[in-house]
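The values are calculated or read from the model by the stated rules, or taken from the named source; none is laboratory data. Quantities reported herein were computed from a predicted structural model and do not represent experimental measurements. Don't worry about glycine lacking a Cβ; one is built from the backbone with ideal geometry, like all the others, and counts go over all protein chains shown. These accessible areas exclude ligands, DNA and RNA; they are computed on the full protein's heavy atoms, side chains included. Shrake-Rupley method; radii C 1.70, N 1.55, O 1.52, S 1.80 Å.
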Amino acid sequence: MTTIFLFLIAFLILISSSLPHLSKALVSEVDDEIPFTYVEGTGKGPKKWGEIDPHWKACGNGKMQSPIDLLDRRVQVFPSLGKIKRDYKPAPAVVKNRGHDITVIWRGDAGDIKINGTDYKLLQCHWHSPSEHTFNGSRYDLELHVVHLSTGGEIAVIGIVYKYGRHDPFLTELLHHIKSVGNEERNLGTVNPGVIKFGSRKYYRYIGSLTVPPCTEGVIWTIVKKVRTVSREQVAALREAVHDGFEANARPTQQSAGIAVRFYNPSGGST
C-alpha cells in the first residue's frame, strides 16, 4: 500500500508540473488554428465572433465595440486633453506572424506613453489592411495599432491610418523580415519605436474595445487625425505574409451611438 501511495503521489506531482506546458501548448494550437475569420458566410465571420467562444461574447453584445466611424459632426473638441506624451526608446524586439496579422513585439523596455497621468508601457504593434477606423465614412488602405498596457491592466492603443503614397519609414526597416517571417517568431535585434511617425498633434479619443476576439472593452483609443502614406509594396508584403483568407483583416465598423468621441486640437479649433 505504501509503495502504491508513493507512486500515486509521484504521478500527481509529475502531472501537475506538466500542466503549465500543456496549457501553453493548447493555447498555441488555438493561435495556429485561428478559430475566427473576416469573411462573412463562413460561420466564423465578424458577425459570428460572439458565438464562437463563451469568452468572446462581447464581440456580439458589447456596447463599446471598435472600430467606429469617426464623424466630425459627432465629436466634441476638448483642448484640455493635451498632446500625446510618448517616451519611447530602442529595445530588443521580434516579429511574429499571428496568422491574422503581422505583429512586432518588444521584449525589452521600449518606453511608454502617458494618458491622464497614467503610464502605459509599449508592448507591441500590428497592422490591419484596409483601415479599421473610418473618417466620415472614408476607409483608408492601412491602419497601424500601437498597443500599450498600464500596471493596472488597462489597455491604450494608438491608431494611425495610411493611404497609398510614399514608403513608410518604420515598415521600410522591417520589410525584409516581414517578407521572410514564417511560423516561428523572428528576432529583429534592437528596434526603435520612435521611428513610428504620428505626423500630427491632432487626435480623436474614445473608449472602445479590442478589434479582434475577445473584443475586450474599456480600451482607450487615440486615433491620430493625420493620414500618413505607405507604399503599395509595403501593404502587399503585409497581406502576403499572413495566412490565406486574412489578406483583408479589418473588422467592420461597429455601432457608436452611445460612444462619446473627443477631439484634441492644440489650436483649440474644430476638426
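So if I check each of HIS126, HIS100, which one is touching a Lys or Arg at 6+ places or on another chain (Cβ under 8 Å) and either over 19 Å from GLY258 (Cα atoms) or of a type in the set (A, V, I, L, M, F, W, C) (or both)?
Values: HIS100 fails: touching a Lys or Arg at 6+ places or on another chain (Cβ under 8 Å).
Result of the check over HIS126, HIS100: HIS126.
Pairs please, first residue from the stretch 36-64 and at negative phi and β-branched (Val, Ile, Thr), second anywhere and open to solvent by 60 Å² or more (accessible area, probe 1.4 Å) and in a loop (DSSP other than H, G, I, E, B), Cβ atoms under 9 Å, 6+ apart in sequence or on different chains.
THR37/LYS44; ILE52/LYS44
What is the number of the single condition among (1) of a type in the set (Ser, Thr, Tyr); (2) within 26 Å of SER231 (Cα to Cα); (3) at pLDDT 95 or above; (4) surrounded by fewer than 16 Cβ atoms within 10 Å (Cβ to Cβ) that SER180 does not meet?
SER180 satisfies every listed condition except (3).
So which residues in the stretch 242-263 are surrounded by 17 or more Cβ atoms within 10 Å (Cβ to Cβ) and at pLDDT below 95?
Selection gives VAL242, PHE246, SER256.
Out of the residues in the stretch 35-92 that are part of a helix (DSSP H, G or I) and aromatic (Phe, Trp, Tyr), which is most open to solvent (accessible area, probe 1.4 Å)?
Of all residues in the stretch 35-92, those part of a helix (DSSP H, G or I) come to 46-52, 54-56, 58-61, 79-81.
Subset that is aromatic (Phe, Trp, Tyr): 49, 56.
Working: TRP49: 0, TRP56: 32 Å².
Filtering first and then ranking leaves TRP56.
Name every residue in the stretch 64-96 that is farther than 27 Å from THR271 by Cβ and touching a Ser or Thr at 6+ places or on another chain (Cβ under 8 Å), in order of residue number.
Those that are farther than 27 Å from THR271 by Cβ and touching a Ser or Thr at 6+ places or on another chain (Cβ under 8 Å): PRO90, ALA91, PRO92, ALA93, VAL95, LYS96.
Of everything in the stretch 135-165, what is closer than 22 Å to VAL261 by Cβ, in a strand (DSSP E or B) and either open to solvent by 10 Å² or more (accessible area, probe 1.4 Å) or without any contact (Cβ under 8 Å) to a residue 12 or more places away in the chain (or both)? Give them in sequence order. Show your work before the answer.
Kept after step one, since they are closer than 22 Å to VAL261 by Cβ, are these residues of the stretch 135-165: 135-140, 142-148, 150, 154-163.
The next check asks that each one be in a strand (DSSP E or B); those that pass are 135, 138, 142-148, 155-163.
Selection gives PHE135, SER138, VAL147, ILE155, LYS163.
I'm trying to understand the selection: among the residues of the stretch 99-129, which are more than 14 Å from the chain's Cα centre (by Cα), assigned to a loop (DSSP other than H, G, I, E, B) and at pLDDT 95 or above?
Residues satisfying the conditions are ARG107, ASP109, ALA110.
What tally of residues in the stretch 183-219 results from selecting those that are farther than 30 Å from ASP72 by Cα and open to solvent by 10 Å² or more (accessible area, probe 1.4 Å)?
The number of residues fulfilling the criteria is 9.
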